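Colleague: Below are the C-alpha cells for one structure; questions will follow.
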Amino acid sequence: MRSASLSIHLAFKLATALLAIAGSVLLLLALTRLIPGDPATVILGSRATPEAIAALNARIGLDKSLIEQFVGFFGRLLSGDLGEDVFNGRPVLGLIAAALPNTAALAISATLFAILLGMPLALLSARWSGGRLDRVIAFLSVGFISTPSFVVSVFLLMVFSVTLRWFPVLGAGESGDLGDQLWHLVLPTAALAAGWVGYIARLLRSSLLEVLGESHIRTLRAYGVSEAKILMKYALKPAVLPTVAVLGMGFGELLGGAVFAEVIFNRPGLGSLIYDAIRTRNYPVVQGGVFIIVLLYVLTNLIADLSQSLIDPRERARLSTAGVA
C-alpha cells in the first residue's frame, strides 16, 4: 500500500510539473505577441523590405497562430532543438549550455550562503527567543526579506567595489583562474542570497520553537540535558525538514533572480543572455532561456517536494494512511 501511495503521489507531482511547464511556455508565447511593435522590423531596421520581414517572421514562427507555435515548440524540443539565434544562426541550446554553468554556480553559491548564514541566525534566535538578540535578528531578517536583490546588488557594488575597493567591480574573473573567479563571485552571491538568509532564519526559527515545545524536549530538560545539546542534537534535525521544500523553491527563485545580479555585475550567464535577447527582440533565445529557467525551477521544486515526502516521517505516515484509505 505504501509503495502504491508513493507511486500515485509521484505521478500526481509529475503531472503537475508538466502542466506548469506547458502553461509557462503558452504564457511566454502569448506575451511575445503583446509586446508593441513588429519584431522583424526592429531586428531588420525600418528600411527592410516586406519580403524580408515576412521571411524573418516565418523563420522565427511569428507567422503562425499561438497554438501552432506552442505545438511546434514542443515538437522541436523532442529532438533537442530550441531554435536558432536570429542574428548569427547559432543553436539556442548551445548558447544556453555555454551560459548556464555561470548562472548555476551563482545560484548554488547563493543557496549555500543563505543556508550557512541563515541557519546560525535561526539557532541563536531560537536559543534566546524573546530576548534582545532575538529581536535584533528578527529586524535584520525582515530587512533582508523586504529588500529587493537588485537594490542590495547596487548597494554592495557601490560600497565594497567602488568606495572601499575590496572586491572587483564587474565581470566573472579571468578564465582558468579559480581564485579570481571565486573573488568575483562574492558580491553577486551575497546580493542574491540576502533575502533568503532572512527567510531561512525566520522559517527555521519557527520550526525550532515548535519542536522545542514538544513533550520529549520537556522530558530531556527534566533530566538535566543542556539547552545547547537539546537544540543541536534533538531539535535541529526535525526542525530542518520543513525547510527542504522551501530550499527547492528558493533555488529556483535564485536562478530567476540571477538575471538582475548578472546584469548589474556584468557577469556572463543565462540572465545576461536573456536580457540581451530581450533588448534585441531575439525571441528564439528569449523563449529557450526562459523555458530552461522554468524547467529548472519546476524540477528543483519537484525534487525537494519528493525528498521531503521520503525523509519526513510525518509525510510518509500521511501517504501510507492515504494508501490504506
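The values are calculated or read from the model by the stated rules, or taken from the named source; none is laboratory data. Note that the structure is predicted; figures quoted are calculated from it, not measured. Neighbour counts run over all protein chains shown; Cβ positions are idealised from the backbone, glycine included. Ligands, DNA and RNA are excluded from the accessible area calculation, which covers all protein heavy atoms including side chains. Shrake-Rupley method; radii C 1.70, N 1.55, O 1.52, S 1.80 Å.
Colleague: Going by what's in this entry, would ALA126 be described as within 19 Å of LEU185 (Cβ to Cβ), in contact with a helix residue (DSSP H, G or I) (Cβ under 8 Å, 6 or more places away or on another chain) and buried (at least 19 other Cβ atoms within 10 Å of the Cβ)?
Modeller: no
Colleague: If you don't mind, there's one more thing I want to ask. What are the pairs with Cβ atoms under 7 angstrom where one residue, in region 1-23, is modelled with pLDDT of 70 or more and the other, located anywhere, is of a type in the set (D, E, K, R)? Sequence gap at least six, or different chains.
Modeller: Pairs that qualify, where the first residue is modelled with pLDDT of 70 or more and the partner is of a type in the set (D, E, K, R), are LYS13/ASP305.
Colleague: Being within 22 Å of the chain's Cα centre (by Cα) and modelled with pLDDT under 85 narrows it down to one of LEU310, LEU241, LEU319, LEU231, so name that one.
Modeller: LEU241
Colleague: Within the group GLY118, GLY179, which residue is loosely packed, with under 13 Cβ neighbours inside 10 Å and either in a helix (DSSP H, G or I) or out of contact with any helix residue (DSSP H, G or I) (no Cβ under 7 Å at 6 or more places or on another chain) (or both)?
Modeller: Of the residues listed, the single one that is loosely packed, with under 13 Cβ neighbours inside 10 Å and either in a helix (DSSP H, G or I) or out of contact with any helix residue (DSSP H, G or I) (no Cβ under 7 Å at 6 or more places or on another chain) (or both) is GLY179.
Colleague: Right, something else. Identify the residue in region 58-108 that is of a type in the set (D, E, K, R), part of a loop (DSSP other than H, G, I, E, B) and open to solvent by 30 Å² or more (accessible area, probe 1.4 Å) and, among all such residues, is modelled with the highest pLDDT.
Modeller: ARG90
Colleague: Taking the conditions exactly as written (free of Cβ contacts under 8 Å to residues at least 40 places away in the same chain, under 23 Å from PHE251 (Cβ atoms) and in a helix (DSSP H, G or I)), does VAL186 satisfy them or not?
Modeller: When the stated conditions are applied, VAL186 passes them.
Colleague: Let me ask another. Mind listing just one residue for me: the one in region 262-274 that is within 17 Å of the chain's Cα centre (by Cα) and in a helix (DSSP H, G or I) and, of those, surrounded by the most Cβ atoms within 10 Å (Cβ to Cβ)?
Modeller: LEU270
Colleague: Oh, and also: Tally time: how many residues in region 275-307 are out of contact with any Gly (no Cβ under 9 Å at 6 or more places or on another chain) and not in a helix (DSSP H, G or I)?
Modeller: Residues in region 275-307 being out of contact with any Gly (no Cβ under 9 Å at 6 or more places or on another chain) and not in a helix (DSSP H, G or I): 2 in total.
Colleague: Hey, among PHE160, PHE144, PHE139, which residue is among the aromatic types (Phe, Trp, Tyr), outside any loop (DSSP other than H, G, I, E, B), open to solvent by 20 Å² or more (accessible area, probe 1.4 Å) and in contact (Cβ under 8 Å) with a residue 40 or more places away in the chain?
Modeller: Only one candidate passes the filter, namely PHE144.
Colleague: Spot the failing condition for GLY248; the list is (1) surrounded by fewer than 17 Cβ atoms within 10 Å (Cβ to Cβ); (2) at pLDDT below 75, and only one is missed.
Modeller: It is condition (1) that GLY248 fails.
Colleague: For residues that are within 18 Å of PRO120 (Cβ to Cβ) and open to solvent by less than 40 Å² (accessible area, probe 1.4 Å), tally how many sit in region 182-236.
Modeller: 20
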